Each structure stands twice: as structure tokens, then as C-alpha cells.
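See structure below.
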Amino acid sequence: MPRLALYALAVCLLAVAAAVVSFVRGDAFLGVVWILLVGLSSNMTWYYLKRGRAARDEHSITG
């Protein structure tokens, strides 16, 4: 798994935890902001995973 995908996944998981804490404490606005960050970081994770797979497949075909 590419390093950037791991970092984005870590941000995603931490943002989920922060959103849960925000909603439990009653701060819905901040919880929504965290949820938006979850969406962004999960998309980044998928992007870097697909990019890493494409690069790996490209190198394995040549030669």
C-alpha cells in the first residue's frame, strides 16, 4: 500500500473519531466539518490506492 494512501487512511480514521466525539459533546457544526474531512480523506485514500496499483501494473507489464 502506498505511503500516501496510508497517511490519508489515518487522517480518515482520526476524523471519524473526532466527528463522533463532536457529536457526542453536542457540537453538531464541528461534527459536520469533521464528516466533510472524512469524505475528502477517503477519496484521497482511494485515489492513491488506484494510482499505486496502476503504477505497479504498468511496471509489471513491461519487460
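The values are calculated or read from the model by the stated rules, or taken from the named source; none is laboratory data. Note that this is a predicted model, so its numbers are computed, not measured. Neighbour counts are summed over all protein chains in view; Cβ atoms, including those assigned to glycine, are modelled from backbone coordinates with ideal geometry. Note: areas computed on protein heavy atoms with side chains; ligands, DNA, RNA excluded. Shrake-Rupley method; radii C 1.70, N 1.55, O 1.52, S 1.80 Å.
The table that follows gives values for the structure above.
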quantity: Meets criteria (closer than 17 Å to residue 3 by Cβ and open to solvent by 60 Å² or more (accessible area, probe 1.4 Å)) for residue 53; calculated: yes
quantity: Boolean, residue 39 is within 12 Å of the chain's Cα centre (by Cα), assigned to a helix (DSSP H, G or I) and at pLDDT 95 or above; calculated: yes
quantity: Tabulated pairs, the stretch 43-60, first farther than 12 Å from residue 9 by Cβ, second assigned to a helix (DSSP H, G or I), C-beta under 7 angstrom, 6+ apart or interchain; calculated: 52/5
quantity: Condition check for residue 5: assigned to a helix (DSSP H, G or I), of a type in the set (A, V, I, L, M, F, W, C) and touching a residue at least 12 places away in the same chain (Cβ under 8 Å); calculated: yes
quantity: Test for residue 28: is it open to solvent by less than 70 Å² (accessible area, probe 1.4 Å) and modelled with pLDDT of 95 or more; calculated: yes
quantity: Any hit, the stretch 49-62, residues being among the hydroxyl-bearing types (Ser, Thr, Tyr), in a helix (DSSP H, G or I) and in contact with a helix residue (DSSP H, G or I) (Cβ under 6 Å, 6 or more places away or on another chain); calculated: no
quantity: Identity of the residue in the stretch 31-42, touching a residue at least 24 places away in the same chain (Cβ under 8 Å) and of a type outside the set (Val, Ile, Thr), that ends up least open to solvent (accessible area, probe 1.4 Å); calculated: 41
quantity: Tabulated pairs, the stretch 10-29, first closer than 21 Å to residue 46 by Cα and of a type outside the set (S, T, N, Q), second modelled with pLDDT under 95 and surrounded by 11 or more Cβ atoms within 10 Å (Cβ to Cβ), C-beta under 8 angstrom, 6+ apart or interchain; calculated: none
